[in-house]
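> Please see the structure below; I have some questions.
Where a number appears in this text, it was derived from the coordinates with a stated rule and is not lab data. Computed from a prediction, not measured in an experiment: that's the story for all the values here. Neighbour counts are summed over all protein chains in view; Cβ atoms, including those assigned to glycine, are modelled from backbone coordinates with ideal geometry.
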Amino acid sequence: MGKRIVVTLGRQFGSGGRSIGKRLAEELGIAFYDKELIKLAAQESGIADSFFEKADEKGGLTSMFGAFSLGGVGLGGTMFFQSNDYLSSESLFKIQSDVIRKIASEHSCVIVGRCADYILRGDPDCIRIFVRGSERDRLRRIMKYTGTDKVSEARQQMIKADKARSEYYNYYTDKVWGASESYDLCVNSSKFGEERTFQIIKQACLEIMNKK
């Protein structure tokens with residue numbers, strides 16, 4: 001595929017957004033990034049994966065994570081250091097943001113979550129998508145994925161995950177997580193069904209690519 005496109009995909013927990021994004025990447029023949037971003041950020045910074053995992057789309061945004069004496073070479077060969085043997089979540093976000101900008105500049109891809117729509121807000125080749133769903137459908141998916149047969153447990157996971165993603169997004173951006181103003185396309189996977197939702201998103205991407 002010669003024309004570059006970067007798809008950022010925000011999603012409510014259990015909406016099916018991640019699986020839609022993964023399938024989209026496969027059918028368009030482009031790269032897919034979700035948890036892969038953690039490993040890339042760790043590789044680029046020389047910081048252990050565990051630090052990025054602890055801060056990954058979670059609240060508690062001013063918390064500090066204990067570390068050994070930190071110092072290394074960041075993107076572009078820039079040396080960075082942290083004082084008092086602590087690494088803030090803001091520093092981790094900055095590193096991950098640099099990684100997102102780097103991979104988006106190099107090739108077409110689908111990036112799930114992590115404020116990628118905001119980080120790439122100046123990229124004309126970026127299409128920003130958000131997938132939501134009804135509570136009933138989301139709980140059904142969560143129960144299937146986690147193997148629990150208790151609706152109360154699934155609901156607790158759903159509320160916790162959405163709260164963390166919302167706090168993370170709202171803290172690092174000047175936008176509101178899930179609000180239509182923050183995205184180019186918002187789709188309700190319960191209204192259209194997962195297959196039709198996928199087709200809507202895919203068609204939108206193809207139309208954007210064909211306009212170039």
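> Could you tell me the calculated FRET efficiency between PHE192 and LYS163, based on Cβ-Cβ distance and R0 = 22 angstrom, to the nearest 0.05?
0.30
> Rank the residues PHE32, PHE52 as a footprinting-exposure proxy: fewest other Cβ atoms within 10 Å of their Cβ go first.
PHE32, PHE52
> Given the Cα-Cα distance of TYR171 and LYS202 and 0.36 nm per residue of separation, how much length would full extension add, in nm?
Value of the extension gain: 8.2 nm.
> Check the straight Cα-Cα distances from LYS202 and name the lysines below 26 Å, setting aside those fewer than 8 residues away within the same chain.
LYS3, LYS22, LYS35, LYS102, LYS144, LYS175, LYS191, LYS211, LYS212
> Apply 1/(1 + (r/R0)^6) to the Cβ-Cβ distance of LYS211 and SER180, taking R0 = 22 Å, and write down the FRET efficiency to the nearest 0.05.
0.55
> Just grab the label-to-label distance for GLU153 and ASP125, each label 7 Å out from Cα along the Cβ direction, in nm (one decimal).
A separation of 4.4 nm, rounded to one decimal place.
> Starting from 0.36 nm per residue, how many nanometres of slack lie between GLN43 and LYS3 once their C-alpha separation is accounted for?
So the extension gain works out to 11.6 nm.
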